[in-house]
Amino acid sequence: QRTATEGLAGQSALELFSGVGFFTIPLSRNFEQVEVVVGNPFAVADLEENVRENGVENCRIAGSDLSAALREGRWRVGQFDLLFIDPPRSGLPKTAVESIAHLSCPNFVYVSCDPATLARDLRILLSSGYEMVSLDLLDLFPQTHHLETIARLRKP
């Protein structure tokens, strides 16, 4: 958690695929406003409780499908200082990654549990003008092929 969120601060952050809020709580401590999108209604309920129990008041939770939110144009270019995503093993749908790249958030953290889908998505993000700042690999499940990867990007 600390590796992914350390040193991040600003006015506004957009977190996609937040789940129950593992990264949401630390982000809310360092950003004035955090907007969170999660599609699973059970995760939304758990996230709302987690936010309430931690006394977080600067978090706006949207229980909706990411693709629908992107199609609706819910966010504008330059609206957020940080885009933080932790998608499922399948990574991002191609149309979503292209739309996300066009949001042009100056800072971007992509947490991935599958290096192959991360590489696929990074190819699109890097070709849209993002630069790789750092790449951390965490072996949370020793003696398996599973790796957690934290990619930090920026758009100059």
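The values are calculated or read from the model by the stated rules, or taken from the named source; none is laboratory data. These numbers were taken from a predicted model, which means no experiment stands behind them. Neighbour counts run over all protein chains shown; Cβ positions are idealised from the backbone, glycine included. Each accessible area value is taken on the protein alone, full model and side chains, heavy atoms only, with ligands, DNA and RNA left out. Shrake-Rupley method; radii C 1.70, N 1.55, O 1.52, S 1.80 Å.
May I ask which residue of 33, 79, 90 lies farthest towards the positive end of the charge dipole of region 1-131, with charges of +1 (Lys, Arg) and -1 (Asp, Glu) on Cβ and the Cα centre as origin?
Projecting each Cα onto the dipole axis, the largest value belongs to 90.
Could you order peptides 19-30, 133-144, 74-85 by the average number of other Cβ atoms within 10 Å of their residues, highest first? Kindly include the intermediate steps, with their values, before the conclusion.
Working: 19-30: 19.7, 133-144: 10.2, 74-85: 18.0.
Top to bottom by mean Cβ count within 10 Å: 19-30, 74-85, 133-144.
Taking 0.36 nm per residue of separation and subtracting the Cα-Cα distance, what length does fully extending residue 90 through residue 136 add?
Full extension of this stretch gives 14.6 nm more.
Add -39500 (n - 2.57) for each DSSP H run of 4 or more in the chain, then divide by its residues: what number comes out at 222 nm, to the nearest 500 deg cm²/dmol? Mind showing how you got there, number by number?
Numbers: 6 runs with 53 residues, N = 156.
Result for the chain: -9500 deg cm²/dmol, rounded to the nearest 500.
Name all residues of region 24-59 having a backbone nitrogen under 15 Å from the label point set 7 Å from the Cα of residue 65 along its Cα→Cβ direction, giving them as ranges.
Within reach of a label on residue 65, which here means backbone N under 15 Å from a point 7 Å along Cα→Cβ, region 24-59 contributes 38-41.
Measuring from the lowest to the highest alpha carbon on each principal axis, how far does region 1-75 reach, largest first, in angstroms?
31, 23, 22
Would you mind computing, in nm to one decimal, how far apart the modelled labels at residue 143 and residue 76 are, each placed 7 Å from Cα along Cα→Cβ?
With each label point 7 Å from Cα toward Cβ, the separation is 5.5 nm.
Using a probe of 1.4 angstrom, how much of the accessible area of region 6-51 is carbon and sulfur, in percent? Intermediate results must be reported in sequence, preceding the final value.
Working: 1110 of 2090 Å².
Looking at region 6-51 in its full context, I get 53 percent from C and S.
Tell me, what is the per residue accessible area of the chain in Å², probe radius 1.4 Å? Present the calculation step by step, with values, prior to reporting the outcome.
Numbers: 8190 Å² over 156 residues.
Per-residue value: 52 Å².
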